[in-house]
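The values are calculated or read from the model by the stated rules, or taken from the named source; none is laboratory data. Note that the coordinates shown come from a computational prediction; the quantities given were computed from them, not determined experimentally. In this analysis, Cβ positions are derived from the backbone assuming ideal geometry, glycine residues included, and neighbour counts consider all displayed protein chains. Accessible surface areas use protein heavy atoms only, side chains included; no ligands, DNA or RNA. Shrake-Rupley method; radii C 1.70, N 1.55, O 1.52, S 1.80 Å.
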Amino acid sequence: MGQKVHPLGFRLGFVKTWNAKWYAGSKNYPILLKEDVSIRASIRARLRDAAISRIDIERSTNQVTVTIHTAKPGVVIGKGGAKVEELRQVLGKTTGKAVKVNIFEIRYPELDAVLIAENVAQQLERRVSFRKVLKQTVLRSMKSGAKGVRVAVAGRLGGAEMSRREWEREGRVPLHTMRADIEFGRAIAKTTYGTIGVKAWVYKGDIEPAPRQVAQNAPGGNAPRPIAPPAPPPPPAPVVAPSAPPAVGV
């Protein structure tokens with residue numbers, strides 16, 4: 001059996017970062033983790049049609065900052081910001097802290113793996129042919145500027161008796177390259193003949209990791225050598241006056 005690794009977890013701390021940025025001790029960690037799960041679940045339940053890709057959570061002493069990445073910011077904001085204010089109050093009651101909600105717009109949803117997978121799942125629920133859906137989705141993402149796209153579906157495709165897996169790929173999707181910027185998304189299509197799983201990978205290019213900083217007084221030979229001062233300029237050459245010509249007798 002092949003050992004599958006999540007593309008985001010494989011690159012954490014190298015070219016990717018965490019969706020939840022906070023620290024807690026062993027006593028408070030499970031409480032805050034459960035709180036994060038409830039925050040994400042409530043946001044996705046209230047904003048099902050907002051095309052939400054990712055929800056980032058940052059915590060300080062008495063404040064929780066929630067950043068919603070969505071392709072439809074108008075749906076999240078609502079008329080005059082009514083939905084955002086209502087959402088902020090609901091999350092404030094859930095956490096018992098001051099909640100700040102930020103909205104980040106996704107300008108190219110065709111390059112977001114989560115939105116691609118959800119779009120494929122919605123089309124499968126409407127009984128569109130899965131082969132047609134896969135080809136159109138891959139071509140649309142490649143035209144938007146992706147360097148590689150792979151979309152896979154698994155389940156009772158087309159209502160068949162036996163489940164199987166089908167996939168479509170275009171371009172490069174280097175899953176083993178650490179510096180590769182790969183987005184990964186999953187979704188579930190709930191059809192009348194069972195559930196169909198959808199996975200999407202989008203390769204956007206390589207990210208050069210930031211160089212590591214080495215302390216000046218660190219032990220070992222990795223510390224940079226001091227730069228030698230420039231050499232002084234050479235002294236000017238002495239000027240010799242020309243000698244007078246010898247006298248010639250008559």
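Note on K21 and V37: their simple-model spin labels are 2.5 nm apart, each label 7 Å out from Cα toward Cβ. For the chain, the direction-averaged projected area of the alpha-carbon convex hull comes to 31.7 nm². Taking the Kirkwood radius as Rh and the Cα radius of gyration as Rg, region 132-218 has a ratio of Rg/Rh equal to 1.20. Annotation: L111 carries an accessible surface of approximately 30 Å², with a 1.4 Å probe and no ligand, DNA or RNA atoms counted. What's the angle, to the nearest 10 degrees (0 to 90), between helix 82-95's Cα axis and the longest principal axis of the chain? It is inclined by approximately 90 degrees.
Within the assembled protein chains, the solvent-accessible surface assigned to K16 is about 30 Å², based on a 1.4 Å probe.
Spherically averaged projected area of the convex hull of Cα atoms, region 1-149: 12.1 nm². Below 9 angstrom from the Cβ of E110, what's the summed charge of the other residues (Lys, Arg +1; Asp, Glu -1)? Around E110, the surrounding residues sum to +1.
When the surface is traced with a 1.4 Å probe over the full set of protein chains, Y29 keeps roughly 110 Å² accessible. In the chain, taking the dipole from charged Cβ atoms about the Cα centre, the farthest positive-side position among T95, G148, G159 is held by G159. On the beta carbon distance between R179 and Q89, with R0 = 45 Å, the FRET formula returns roughly 0.60.
Over all distinct alpha-carbon pairs, what is the Kirkwood Rh of region 1-82 in angstrom? Kirkwood radius, region 1-82: 14.9 Å.
Computed over the chain with a Gaussian network model linking Cα atoms closer than 10 Å, the most mobile of K147, K199, K93 is K93.
Overall, the chain carries a charge dipole of about 960 debye about its Cα centre when +1 sits on the Cβ of Lys and Arg and -1 on the Cβ of Asp and Glu, all other atoms neutral.
Per residue, region 1-127 exposes 63 Å² of accessible surface when a 1.4 Å probe is rolled over the protein heavy atoms with every protein chain present.
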